[in-house]
Every structure is written in C-alpha cells, then in structure tokens.
Amino acid sequence: MSKVSLSNVSKVYDDTILAVEEVDLTVEDGEFVVVVGPSGCGKSTTLRMVAGLETVSAGEISIGDTVVNDVRPQDRNIAMVFQSYALYPHMTVRENMSFGLRLAGEPAAEIEPRVEDAAEMLEISELLDDLPKQLSGGQQQRVALGRAIVRDPEVFLMDEPLSNLDAKLRTQMRTEIQRIQENLGVTTVYVTHDQTEAMTMADRIVILNDGKLQQVDPPERCYDEPNNKFVAGFIGSPSMNFFEVTVTETNSGATFESPSFEFTLDVDIPSGEYTLGVRPEDLTPDRESGYIDTVVDVVEPVGSDNFLYLKTARGSSDVVARVESEYRPEVRDEITLGFETDDMHLFDTDGARVPVNELQITDSA
Amino acid sequence: MSLAEEYSTTDGESRLSQSVTHLKRNRRAYLLIAPAAVFLLAVVGYPILETFRLSLYRSPADSTIETFVGLQHYAEIVNSDIFYRLLWQTGRWVLAGVAGKTLLGLLIAVHLKGDIKGRKFFRTAFLIPWGIPYAISAVVFRWIEHPQFGYLNAVLLKLGVIEQGIGILGNPDIAWLGVVVADIWIGTPFMAIIFLAGLQSIPQDLYEAAAIDGAERWHQFRYITLPQLKSVILMATLLSTIWTFVSFDVIWTMTGGGPISTTATLVIHIYQVGLQNGNLGLGAAYSVIGFLFLLLFAIVYLRVYTRGGDEL
C-alpha cells in the first residue's frame, strides 16, 4: 500500500490541447479518492497518467516514495479496472485473473489459492472456468475486479468501472467495491462522471473541470461548501438553482435584486453583483415568508419526493424545487418559494465562493 | 402452432410439410439467390464435374474421339515416380511460400499498426507488389536473379558474400528458392493488409490491461495479438495455401518448371501434360487429385483450428 502524489501535473496533446493543467493531489495510503467531472474534464487522462498509459507532459507523479514519470506501467505495481473491463476474451476467468501472477513467475501452487480466494470474495467461484463471453455484464465486472485484487497491488485504479451496468447492479456493485476496498485497505483512485458514485463511495472527492482542479474535499463538504459555482452546480441532483443578483447593503440587511424577484435578508454582504445559489431541496413552498413567486410548470413524482419544475412569475427563469411527496401542486398553481439564509450560497462574478463566515448572518429569515 | 412446436415434430410426413412450409415462407429469399447459385454452378460446378469425367477418358487434344479408360489414369499416376516428386516439390513450394508470406505479413502489419512516421505512405507502398501483374513481377525477379546482370549478384559480389556470379534459377538445388522469393514478395502485401485489419480490430485496452498486468511486448504479442488474430490468420493462410498451390504464372514465367523440372509443381505438370503434351485425360486426372488434396487440406485445417479453446 502506498500513497499517490501528483505535483503540478499537466498533460498536453499535440502541443496545443491542454487536457490536464497543473493538478496537485495527494492520495493518502489506503484512501479511497473519487475523481469526478463532466466528459472531457481530464479525469481519465489523469488516471491514465498515474497508470503509466499516458506520458506526463509536466510535473511529477509518485507512487510511494518513487517518482514514476518514467516507470513503465508493467513496473508500477498497480492494478486497473477498465470501463470496458478489458477481459482477455480467449482466456477463462481463472486465466484472466491469474495472468498477471503467471507473468510475474509466481509458482502455480501460490497462484491457485489466491485466485480462489479472490473469486470467493467476489462470489464468482463457480464461473472460474467460463469464458468472458459467457458472463453477464455484472459478472464480467466482478472478474475485472478480481483480476485487480488478486495481484495485491500498491494502488487500485478504476476508470468508470460501473458505467456499463444497469442502475440496480450499479448500486449493488458500489457498496461491494467500497466493502472490498475497506477490507483490503488499498489506496484507490476511482474515476467517474456520476456524482452519486462520488458522493457515496469517496473518502474524498476530486472535482475536475476543463483539466483544472476545482475542489478536493470529503463529499459532504463539497456539497455544503462548494468552492465555486461549477462545483455547486455539479454536485447535487437536481442541480443547484442559480440567480444573477445585485446586492445592495441597507440598514436592515441586504437587498437582493434580480429580474425575477426582489427581497431583503437580514445578512451582511457588501454591495455588488453576485450569483445566488439555492439547492432544490432547500427551497420550500412558503407563502408567508417566501421570496420567489413562481408558477408550476411540471410536477415530477419520483416516489420519495416530488420534483417541481417552475418558472418565476417575473422574468420567467427556470427553478427546480424538491419537495415532500405529500405536497403535490397542480400545473399552473402559483407558489412562493422560500429558503433558510444558511442554505444559500453566494458566488462572486468569477464564480468563486463568497464564504459563509464572511456573511455574518445576524438573523435567519 | 408456435415456431418451436412446428420444428419439434419428427415424423417423416410432417418433416416434408415443414420443408414445404419453409420453402414457401422463404420463397423470395431463394428466388433472390437463385441467379447467383445458377451462375456459380455453371462456372464452378460444371468444370469440376467435366474435369472428373474427362479424367476417366483417354482424350487427346488433337482428336474428338474419347476412349473410356476408367481409373487407368489414376493408377498410372500413383504408380509413377514423377507424381511423388511433384508432391514433394509442390509441398515445399506451398510451405515455404505460405510461411514466408505469413511471417513477413505479420511483421509488416505489426509495424504498420504502430505509431511510425509515414505510416500512410508505407501502407500504400506495401500494397504495390500486389497490384503489379504477377507475370511482370516474375520477369522483374528473373532479372534481379540474373547470373550476369542481376542486382542480387551485384550486391552479393560487392559485399563479398560470393566470389563469382551465381545462376540461382539455373541451379537445380536452389532454383525453387529463387522462385519462392518472388512469390513471397508478391503475396506478402495481401497478408499484411488482412493482418493489419485484424490487428486494428483488437481493442487497445486489452494491451493496456496486459501492460498493467506486467506483460512485456513479446507477452502482449504472444497472449493478446496471436490469440485475437487466430481466426484472421486461419482464413488468410488457408486462402494463401490454396492460391500458392494453384499458382502458375510466377513459376512458369521464371523457370517454366525447370531446371530439370525441379521447380515444377502439380499445376505446372498439369499444364505440361494436358495442354503441352495434349493428354487431356491424364491432365484432368492430375487436376482431380490436386482438387481432392486441397479439399482434404481445407477440411482438416478448419477442423483442427476450430477445435478446443486457447490456453496460456
């Protein structure tokens, strides 16, 4: 087991395309880190650089105490699970799982029990003599995991390993991967575009956008205190509602003005242009103390909750609210939405967070 | 009646009615393939049958009278020493040719797949030999190997490998090699292109997974490339074997089967016996034997190759 460090790592393709830009990251020994971001954000490239499948254009990658920039994948003592599983089609499950050990020249007497143990852990013992094409997607996924586990590597690298599975299986495998990682305690870097995977599995989430690091924090912190507007919009489902507002300091607090609403909150914020963010789950229908007048456009019941898609009465901006399943308004109903002041997020014109502790909330509405 | 029930009945009468139903249901499909089937029968089936019929007759080319002789030609062939010499010469010709084309084709394909400079140029350049008429390539090689004016001798002399020019095509011991080289040169591009197509269909992540598993380049070739390319290699070598077996123009242009018939293969001999000597019946009998050899080879080859799985 080892820690993995990236120091100022960049990747440039064809001298022009900057895929990863000066990423600094340390994955502690035994930690489970999930790298998440939209398509093309550089997350897979980053992982592939750690694996040695891509060269590093600038910066340094270390596994343990060794700088591995010039170390071949063969010599990095890592294991990787691919999105496509990349199982060797002409080999049985047993051969797939033992391939690395056989290449390493391990004696057969040692390989066999290790394969059996890993297979047992993943509940694929009865599949050991099957070919990959005889297996379902979920079973192939387990074999791919088994192939990684059996080698007892320093680091696990996983490149969107669950994205080819159906929703139910994905949820199941999510917990299973977590359980295995916890049992083995192997440092793991896991790449996904699915923020639910990131939120549920990670010790820490690494959020990338356009090749740049946006935030590295535990999931709840990324959710509660997003570093910037991108993270705020990316983490959470449905996405955070954003409103461009002009804030004016007054004697009784601050006035928030936008084409859609105008209200005064008992908070201390310097005057200026901001983006106000409120999560759908923090919006409550509240005629008495609400701030935003809306009209219901679509009601989407998802069982546990209802998603309301609304338009602001003025300005016709889109707003999404997540409300309890008992609350089920009709389309075209007029609703006034409110929120707690400590649930609101503010970002400056560059998208950076205006920290909550600078808000100096004097009284919540 | 469900489809399963329909096909599960076994008694003769309903089988017949099944066939009728099947024909009725697929009438349009059969009609559509009928012209091609008739055409194939006419240009492939008929000559095969006619060759077989001809082999049972004494049929001089300069006469219209055919005399039925039964299997006499076959008896004559298997009792002659020439036949066994021809088999040996054909065998080594095919084996050396196909092996050379396959290995060289694989080598070229693997390198053309890699990220080399001028890859597009080389891909096109390597196809050129295949686009030149075989007879012309053969003439070129005859000149290359010419004892006095050939490039090969010039280069070997310059390098000091030999002290005086050698006539490869005139030497009964090595003439066949001189012809095989030309055949390999002509046939390699086809193999390379087929192998390249096969290589490109192997997912890159298999190599990446193997590299992470610790596989060196040779391991990757041995445990990923070769098994993944197996079916392509099978088909390409099968086709190449058939083409090399029946190849005529290269040998005929370069040596005419000489010297002292050491480069003659079954096909060259068929031409000499049947068309040059005018003994159509005997030539046909040789053809039938050649045909049966190829058929048997193809069947055994496919059986052996498709049996069982792969192992490390």
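Within region A:87-140, if we keep just the residues that are modelled with pLDDT under 90 and open to solvent by less than 50 Å² (accessible area, probe 1.4 Å), the residue that is nearest to B:PRO227 (Cα to Cα) turns out to be A:GLY137.
When you check B:VAL232 against the structure, is it crowded, with 18+ Cβ neighbours inside 10 Å, of a type outside the set (Ser, Thr, Tyr) and either away from chain A (no Cβ under 11 Å) or in contact with a Ser or Thr (Cβ under 8 Å, 6 or more places away or on another chain) (or both), yes or no? The answer is yes for B:VAL232.
Is it the case that region B:189-202 has a residue that's within 30 Å of A:VAL71 (Cα to Cα) and part of a loop (DSSP other than H, G, I, E, B)? Yes, there is a match, as at least one residue in region B:189-202 is within 30 Å of A:VAL71 (Cα to Cα) and part of a loop (DSSP other than H, G, I, E, B). Of all the numbered requirements in (1) loosely packed, with under 15 Cβ neighbours inside 10 Å; (2) in contact (Cβ under 8 Å) with a residue 60 or more places away in the chain; (3) part of a strand (DSSP E or B), A:GLU300 misses one, and that requirement is (2). Of the residues B:ASP183, B:ASP205, B:ASP213, the single one that is buried (at least 21 other Cβ atoms within 10 Å of the Cβ) and within 10 Å of chain A (Cβ to nearest Cβ) is B:ASP213.
Scanning region A:60-75 for residues that are in contact with a Leu (Cβ under 7 Å, 6 or more places away or on another chain) and facing chain B (nearest Cβ under 9 Å) yields one hit, A:PRO73. Checking every residue in region B:186-201 against the condition of being away from chain A (no Cβ under 11 Å) and more than 25 Å from the chain's Cα centre (by Cα) gives zero matches.
Here A:GLY277, A:GLY236, A:GLY272 are screened, and the one residue that is out of contact with any strand residue (DSSP E or B) (no Cβ under 8 Å at 6 or more places or on another chain) and either in contact (Cβ under 8 Å) with a residue 40 or more places away in the chain or open to solvent by 60 Å² or more (accessible area, probe 1.4 Å) (or both) is A:GLY236.
Quick check on B:LEU127: is it modelled with pLDDT under 90 and farther than 26 Å from B:TRP243 by Cα? No: the conditions fail for B:LEU127. So is B:GLN276 without any contact (Cβ under 8 Å) to a residue 12 or more places away in the chain and away from every other protein chain (no Cβ under 14 Å) or not? When the stated conditions are applied, B:GLN276 passes them.
For region B:76-91, does any single residue satisfy the condition of being of a type in the set (Asp, Glu), assigned to a loop (DSSP other than H, G, I, E, B) and open to solvent by 80 Å² or more (accessible area, probe 1.4 Å)?
No, every residue in region B:76-91 fails to be of a type in the set (Asp, Glu), assigned to a loop (DSSP other than H, G, I, E, B) and open to solvent by 80 Å² or more (accessible area, probe 1.4 Å).
Within the option set B:ILE260, B:ILE270, being assigned by TED's automatic domain parsing to the domain that holds B:GLY91 and touching a residue at least 24 places away in the same chain (Cβ under 8 Å) holds for one residue only, B:ILE260. Only a single item in (1) at pLDDT 95 or above; (2) outside the structural domain of B:SER247 (by TED's automatic domain parsing) is not met by B:VAL94, and it is number (2).
Of A:SER125, A:SER57, A:SER98, A:SER44, which residue is of a type in the set (Gly, Ala, Ser) and within 11 Å of another protein chain (Cβ to nearest Cβ)? From the options A:SER125, A:SER57, A:SER98, A:SER44, the qualifying one is A:SER98. Within region A:171-198, the set of residues being part of a strand (DSSP E or B) and within 29 Å of A:ALA104 (Cα to Cα) comprises A:THR187, A:THR188, A:VAL189, A:TYR190, A:VAL191. A:PHE230 meets each of the listed conditions (1) of a type outside the set (D, E, K, R); (2) in a strand (DSSP E or B); (3) open to solvent by 30 Å² or more (accessible area, probe 1.4 Å) apart from (2).
Just one of the listed residues (A:LEU308, A:LEU346) is assigned to a strand (DSSP E or B), under 26 Å from A:TYR274 (Cα atoms) and in contact with an Asp or Glu (Cβ under 8 Å, 6 or more places away or on another chain), and it is A:LEU308.
Please verify whether region B:230-239 includes one or more residues that are touching a residue at least 12 places away in the same chain (Cβ under 8 Å) and outside any helix (DSSP H, G or I). Among the residues of region B:230-239, not one is touching a residue at least 12 places away in the same chain (Cβ under 8 Å) and outside any helix (DSSP H, G or I), which makes the answer no. When you look at B:ASP213, is it of a type in the set (Asp, Glu) and under 18 Å from A:GLU95 (Cα atoms), yes or no? Judged against the criteria, B:ASP213 is a match. If you go through region A:81-94 and keep only what is more than 7 Å from chain B (Cβ to nearest Cβ) and touching a strand residue (DSSP E or B) at 6+ places or on another chain (Cβ under 9 Å), you end up with A:VAL81, A:GLN83. Out of (1) open to solvent by 60 Å² or more (accessible area, probe 1.4 Å); (2) more than 10 Å from chain A (Cβ to nearest Cβ), what's the single condition that is false for B:GLY178? For B:GLY178, the failing item is (1). On the stretch given as region B:128-173, residues that are open to solvent by 70 Å² or more (accessible area, probe 1.4 Å) and either under 18 Å from B:THR188 (Cα atoms) or of a type in the set (Asp, Glu) (or both) total 8. All of (1) more than 14 Å from chain B (Cβ to nearest Cβ); (2) open to solvent by less than 10 Å² (accessible area, probe 1.4 Å); (3) modelled with pLDDT of 90 or more hold for A:ILE78 with one exception: (1).
Restricting to region A:24-37, name every residue that is crowded, with 24+ Cβ neighbours inside 10 Å, in contact with a helix residue (DSSP H, G or I) (Cβ under 7 Å, 6 or more places away or on another chain) and part of a strand (DSSP E or B). Passing the criteria: A:VAL34, A:VAL35, A:VAL36.
The residues of region A:142-170 that are part of a helix (DSSP H, G or I) and either at pLDDT 90 or above or not assigned by TED's automatic domain parsing to the domain that holds A:HIS90 (or both), listed by number, are A:ARG142, A:VAL143, A:ALA144, A:LEU145, A:GLY146, A:ARG147, A:ALA148, A:ILE149. Looking at the structure I just gave you, is B:PHE52 open to solvent by 60 Å² or more (accessible area, probe 1.4 Å), in contact with a helix residue (DSSP H, G or I) (Cβ under 7 Å, 6 or more places away or on another chain) and either modelled with pLDDT of 90 or more or not in a helix (DSSP H, G or I) (or both)? Considered against the rule, which asks whether it is open to solvent by 60 Å² or more (accessible area, probe 1.4 Å), in contact with a helix residue (DSSP H, G or I) (Cβ under 7 Å, 6 or more places away or on another chain) and either modelled with pLDDT of 90 or more or not in a helix (DSSP H, G or I) (or both), B:PHE52 comes out as yes.
Cβ-Cβ distance below 8 Å, separation of 6 or more or different chains: which pairs start in region A:119-134 with a residue that is touching a residue at least 24 places away in the same chain (Cβ under 8 Å) and end on one that is of a type in the set (Phe, Trp, Tyr)? Close Cβ pairs satisfying both conditions: A:PRO132/A:TYR85; A:PRO132/A:TYR88.
Screening A:ASP14 against (1) buried (at least 20 other Cβ atoms within 10 Å of the Cβ); (2) more than 30 Å from A:MET97 (Cβ to Cβ); (3) out of contact with any Ser or Thr (no Cβ under 6 Å at 6 or more places or on another chain) leaves a single unmet condition, (1).
The values are calculated or read from the model by the stated rules, or taken from the named source; none is laboratory data. Since we're looking at a predicted model, the values are computed, not measured. Methodologically, a virtual Cβ is constructed for each residue, glycine included, from the backbone with ideal geometry; neighbour enumeration extends over all protein chains shown. For accessibility, only protein heavy atoms count, side chains too; no ligands or nucleic acids. Shrake-Rupley method; radii C 1.70, N 1.55, O 1.52, S 1.80 Å.
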